[in-house]
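The next block holds one structure in the form of structure tokens; read it before the comments.
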Amino acid sequence: MLNPQRSLSELPKMSAASQVERAVLEEEFNWLLKEEVHAVLKQLQDVLKEASRRFSMPTPGLESQLKQENFILGSSTMDQVKGVLTLQGEALTQADINLKVAKSSQVLHFQFREDKMWKLQQDARNHVNQALWLLGSRDESYHFKTGAEVNKLMDAVMLQLTRARNRLTTPASMTLPELATSGLMKMFTPPMPGDVMVNFYINLSKLCLTVYQLHVLPPNTTKNYRPAGSSVLHNPGAMFELNNNRFEVSHVHKVECVVPWLNDTLVFFTISLQLCQQLKDKISVFSSFWNYRPF
């Protein structure tokens, strides 16, 4: 239990010491708001500009300025699908695919039409650009007045970065009818036959191609029809209906290739999120002191 007389006699000393400490912390906090916050914003912009550069798209007439990269699709467990993909920035400008049809020796060959390209991840690029816009809206001449103001900006930037990262780490689910009617199916020459569907998607640092072979279910079939829901990867036996016809997936072939710059981009997102969190943590240290009342 505290001695009342000792506590009262030491109160002026403790108050004076507390006031000095508070003055020092206020000076440090003002320096943080004026100098360090802008230094972190500059770091974030530099890192995210590198990430954004990875999502470059070929510009008509200037395609040669973006390096073309060829990637071989493969799988350690099957050879029914083989192919070569050509990337320019985030654009898949050519896909050359060979499909060995199940239960026959026939090999089907498809490639992108010359007037078509597939964008790897436009949503991720949009989120990165939105984060850059948020950071650019507070240039070096801007003076942050409170920690809450900095936290609000960091939260907004982190939201965009998390969404961008999720676009690369969490492939979109699709139903089989959505796949069958997607624009991707209209990009090939010769046109895909009615019993073949394809889908491209990104999973972390890999670009994946899934090929589905289908067969039509007879109208009078006694097979229990259960339409499949939405999924990243559908399994053999999955069923769906399209244009009054019912189909069942008979074979699924998945091949993939590693795209190094996708991994670089994920690293940039991680670094940026860490920078944002570290700045928020520093703000929190000061905030906890302001909220502390010793007497």
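Quick notes
- Model label points for Ser230 and Ser287, set 7 angstrom from Cα along the Cα-to-Cβ axis, are 3.4 nm apart.
- Label zone at Arg138 (point 7 Å along Cα-to-Cβ), backbone N below 15 Å, segment 256-274: 273
- As a length-normalised measure over Cα pairs under 8 Å and 6 or more apart, the relative contact order of the chain settles at 18 percent.
- Helix-only mean residue ellipticity at 222 nm for the chain, each DSSP H run of n ≥ 4 adding -39500 (n - 2.57), per residue, nearest 500: -14000 deg cm²/dmol
- Per-residue Karplus couplings for segment 84-94, computed as 6.51 cos²θ - 1.76 cosθ + 1.60 with θ equal to phi - 60°, are listed in order as 10, 10, 10, 10, 10, x, 8, 9, 8, 8, 8 Hz, Gly and Pro entered as x.
- Choice from Asn203, Asn30, Asn224 showing the highest fluctuation, given a GNM over the chain with Cα pairs closer than 10 Å: Asn224
- Here the 3J(HN,Hα) profile of segment 205-211, calculated from phi with Karplus coefficients 6.51, -1.76 and 1.60 at θ = phi - 60°, is 9, 10, 9, 10, 10, 10, 10 Hz, Gly and Pro shown as x.
- Heavy-atom surface of segment 190-295, accessible at 1.4 Å and reported per residue (Å²): 52 Å²
- Surface composition of the chain: carbon and sulfur make up 52 percent of the accessible area, probe 1.4 Å.
- Here the spin labels are modelled as points 7 Å beyond Cα on the Cα-Cβ line, and at Leu217 and Lys49 they lie 5.6 nm apart.
- Share of Cα-Cα pairs in segment 78-209 lying beyond 18 Å, as whole percent: 65 percent
- Each residue, Ala172 and Leu108, gets one label point 7 Å from its Cα in the Cβ direction; the gap between the two is 2.3 nm.
- Within the full protein context, the accessible area of Asp195 is estimated at about 80 Å² for a probe radius of 1.4 Å.
- Nearest-10 value in Å² for the accessible area of Arg167, using the 1.4 Å probe: 90 Å²
- Convex hull of alpha carbon positions in segment 102-168: directionally averaged projected area 8.0 nm².
- ³J(HN,Hα) computed for each position of segment 187-198 - Karplus, 6.51 cos²θ - 1.76 cosθ + 1.60, integer Hz, glycine/proline x: 8, 9, 10, x, x, 4, x, x, 9, 9, 10, 10
- The largest-to-smallest principal axis extents of the Cα set in the chain are 97, 52, 34 Å.
- Between Leu73, Leu184, Leu25, the GNM of the chain built on Cα springs shorter than 10 angstrom shows Leu25 fluctuating the most.
The values are calculated or read from the model by the stated rules, or taken from the named source; none is laboratory data. Just so it is clear, the model here is predicted, and its values are computed rather than measured. Note that each Cβ is placed from the backbone with ideal geometry, even for glycine, and that neighbours are counted across all protein chains shown. Ligands, DNA and RNA are excluded from the accessible area calculation, which covers all protein heavy atoms including side chains. Shrake-Rupley method; radii C 1.70, N 1.55, O 1.52, S 1.80 Å.
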